[in-house]
1. Only one of (1) within 14 Å of chain B (Cβ to nearest Cβ); (2) open to solvent by 10 Å² or more (accessible area, probe 1.4 Å); (3) assigned to a helix (DSSP H, G or I) fails for A:Gly247. Which number is that?
2. Please enumerate the residues belonging to the range B:252-296 that are under 17 Å from the mean Cα position of the chain (by Cα) and farther than 12 Å from B:Phe145 by Cα.
3. Looking at the range B:130-173 only, could you name the residues that are part of a strand (DSSP E or B) and either under 20 Å from B:Ile361 (Cα atoms) or open to solvent by 40 Å² or more (accessible area, probe 1.4 Å) (or both)?
4. When you scan the range B:319-340, do you find a residue that is buried (at least 23 other Cβ atoms within 10 Å of the Cβ) and on the phi > 0 side of the Ramachandran plot, even just one?
5. Checking the condition without any contact (Cβ under 8 Å) to a residue 60 or more places away in the chain and buried (at least 21 other Cβ atoms within 10 Å of the Cβ), which residue from B:Glu176, B:Glu228, B:Glu223, B:Glu273 passes?
6. Among the residues of the range A:40-61, write down those that are closer than 18 Å to A:Ala281 by Cβ and open to solvent by 40 Å² or more (accessible area, probe 1.4 Å).
7. Quick check, is B:Ala302 within 14 Å of another protein chain (Cβ to nearest Cβ), among the hydrophobic types (A, V, I, L, M, F, W, C) and open to solvent by less than 20 Å² (accessible area, probe 1.4 Å)?
8. Exactly one condition in (1) among the small types (Gly, Ala, Ser); (2) surrounded by fewer than 18 Cβ atoms within 10 Å (Cβ to Cβ); (3) at pLDDT below 90 is false for B:Gly292; which is it?
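The values are calculated or read from the model by the stated rules, or taken from the named source; none is laboratory data. Since the structure is predicted, the reported quantities are computational estimates derived from the model, not experimental observations. Here the Cβ is made from the backbone with ideal geometry for all residues, glycine too, and neighbour counts use every protein chain on show. The area values use the complete protein model at the heavy-atom level, side chains included, leaving out ligands, DNA and RNA. Shrake-Rupley method; radii C 1.70, N 1.55, O 1.52, S 1.80 Å.
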Amino acid sequence: MTDPLAVRPAIRVSAGAQEKPVIFPRRKPRINGRSIAILVFLAMAAAFYCIPLYVLVVTSFKTMEQIRQGAIFALPTEWTWEPWNFAWNEACSGITCEGLKIGFWNSVKILIPSLVASISLSAVTGYALALWNVKWAGTFLFVLFMAAFVPFQIIMFPLIQLTVHLGIYGSLWAVAFIHTVMTMPIVTLIFRNYYKDIPDELIKAAMIDSGSFWRIFGEIILPMSANILIVVLIMQITHIWNDYLIGVTFGGPGGQPMTVNLANLVTVSTGTVSYNANMAAALLTAIPPLVIYFVLGKFFVQGISAGAIKG
Amino acid sequence: MLKKFAMIVSASAILSAGSAWAEPQELIIYQKWSSPAEVAALNVLKDGAEERGIEWIDITIPHDTGSNVNLLNLVTGGQPPNIFSENNPAVYRDLTQMGLGRPLTKEFEEAGVTANLPPSVVKSITVDGEIMKFPLGIHIDGMVFYNKAVAEKAGVDPASWTSLDDMFSEFDKIREAGYVPLAVGAQAWQIGYLTHALVATVGGADYFTRIYGPKPDPAALDEAPLRETFDWLRKFQQAADDGSVNRDWNMTTNFVISEKALMQIHGDWMKGEWRVAGKEAGKDFGCIQIPGAKALSVTVDAWGLLGNQPADVDAKEVEFALMTVSPDINSAFAAKKGSTPVRTDVDQSSLDPCSREVQTILKDPARQVQNPHSMVDADWQASIWEVAFNFWSDDTMTTDEAIEELKENYDIILN
């Protein structure tokens, strides 16, 4: 507190009140060895991601004639939207040449039921496990915890049989069902750990008032869950959107997500390659989770750092 | 409830039986092609199928030779495709075991197809004595494609080379003219392909079969042709440009197209890149077999049929297969895809100079061998790729060391 300039006002605790702002000291920013090291490291880390991204973006705007010349870092001599148009509207996935938009809508159709089913089921299960006396809750939690570590690949064949018996194999519903089942353990654990921090008194009071499992969930717990819902939403959207294996295994004809379309476009053994359209297609596929992240990113950080009662 | 359900079932059964009259037979076709030339070729088949009252239901999933998990997933899931692109003989053995194999030996004989296929193609499509696949097109795994403009400027004539030594003796001259003599894409599979193409070139058909056949012969590993192959790999590696490391074959082809290098040795699907760059075979680029080649390795794109189907579906499946190997459709398909027709009796004038060259070579049954993928133990093949690629990447490794490693691998895998 020796230097009066080196202080800054902290966030006002309650707006409108005439309280004096709480102040605390802040060290003067200084350039020293440590900050240089951090900057160099951050710059390297940023370059590690940005340079490939740069190549991806500029290549997607080049003509194939220019790409044939090599020089991948050069800017396009002639900017063209054609690769983007081709990737979205005309690219072939097998014999159908209607672009990635087909897969895009399939992905959306997979995403929405998977999100609704996995989040609602997991939230309720997490709530029950955290706040109600459930018989065998400990064992159940342990099993969930173990299930979160089972790789999808080793149970793929049994799951195929399961979906065949349910009569949904080879449809969007099978893909959504498997996504829901496969992500439930980890999402349930996340909800359970979040709800566990809700003070006992709150629930006890609610029990006296109504005592209904669903009313407490709907009127008290859910309104307090905004942060964690956003965390789970971002996690699930990224996970489900980027999935290839589940989509390709359970989708069957007509149920293939955008990633499968992308793989068809990009994977070429003995055919010719249109690098510009491939790059555009890769970017198009990556855009939806990116948008979600940019829009909800602020809440994401809040959600991870906040506890239940702070929400 | 049950009654209602039964009614719906019978109603829908009647409906579907009724619609079978009016509507074309649907066949689910599982394949892996999506690039423009390939799709154009597929459309030749699709149009042919429609004329024959077959509706093409497409499932496209990229897959390469090797274990085809997605195909088997569809089979175990109870939605097997009627027609599928697959080269690996093991898959056909699996299907036959499940009672889902569909041999075509009899139909091909009756339609006079077998007699008009080159012997290497017949071997490729045969699994355990029965023809199980139908062939769509031929590719040669190792051809030399060269840029004619560069050849002229460097003052060399690749067509006059009669041996690898002839070719190599001109490398300095080409370098002095300012060009990379031989462009290579140094990726494991490309070096692997180059290796087996070279074994065929210097060793000939019989020797090739002793290395890459169904039953490899350990004594062959010690003989001269394999040593010579590795010596050539080393010479090519020393002559390669710096950019060759992990370069896709497409980029390597473009390196030749853009007049930075004279030639590339790779599968003749290179033709596709030349064609989309607007170049013409025989005019802008030349294609020759590897100079002095005793034999050439042949890749056959082949598809298979699903067995144990109702009679009407089965008939349509067979009709589809016979259509693809009919001379007209087959040569139209090959022209679009950039491959060479499988039939030797197609109209030669419809072919480009490269395909004509290939067909001429394939007239001699003694000079053709099959791509290892369709013949050899997958682990053994993988181990050869690994050794060849390590050899290429580490220029301190000697030919003796490479041979020694192959022998060790043979003991582990096949003994």
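1. Just one mismatch for A:Gly247, condition (2).
2. B:Ala295, B:Leu296
3. Here is the first cut: in the range B:130-173, the ones part of a strand (DSSP E or B) are B:130-131, B:133-140, B:143-147.
Those that are part of a strand (DSSP E or B) and either under 20 Å from B:Ile361 (Cα atoms) or open to solvent by 40 Å² or more (accessible area, probe 1.4 Å) (or both): B:Glu130, B:Pro135, B:Leu136, B:Gly137, B:Ile138, B:His139, B:Ile140, B:Met143, B:Val144, B:Phe145, B:Tyr146.
4. Looking for residues that are buried (at least 23 other Cβ atoms within 10 Å of the Cβ) and on the phi > 0 side of the Ramachandran plot, one finds at least one in the range B:319-340, hence yes.
5. Working: B:Glu176 fails: buried (at least 21 other Cβ atoms within 10 Å of the Cβ); B:Glu228 fails: buried (at least 21 other Cβ atoms within 10 Å of the Cβ); B:Glu223 fails: buried (at least 21 other Cβ atoms within 10 Å of the Cβ).
Among B:Glu176, B:Glu228, B:Glu223, B:Glu273, only B:Glu273 is without any contact (Cβ under 8 Å) to a residue 60 or more places away in the chain and buried (at least 21 other Cβ atoms within 10 Å of the Cβ).
6. First pass over the range A:40-61, keeping only residues closer than 18 Å to A:Ala281 by Cβ: A:52-61.
Selection gives A:Pro52, A:Leu53, A:Tyr54, A:Leu56, A:Val57.
7. On the way: within 14 Å of another protein chain (Cβ to nearest Cβ): yes; among the hydrophobic types (A, V, I, L, M, F, W, C): yes; open to solvent by less than 20 Å² (accessible area, probe 1.4 Å): yes.
Yes.
8. B:Gly292 satisfies every listed condition except (3).
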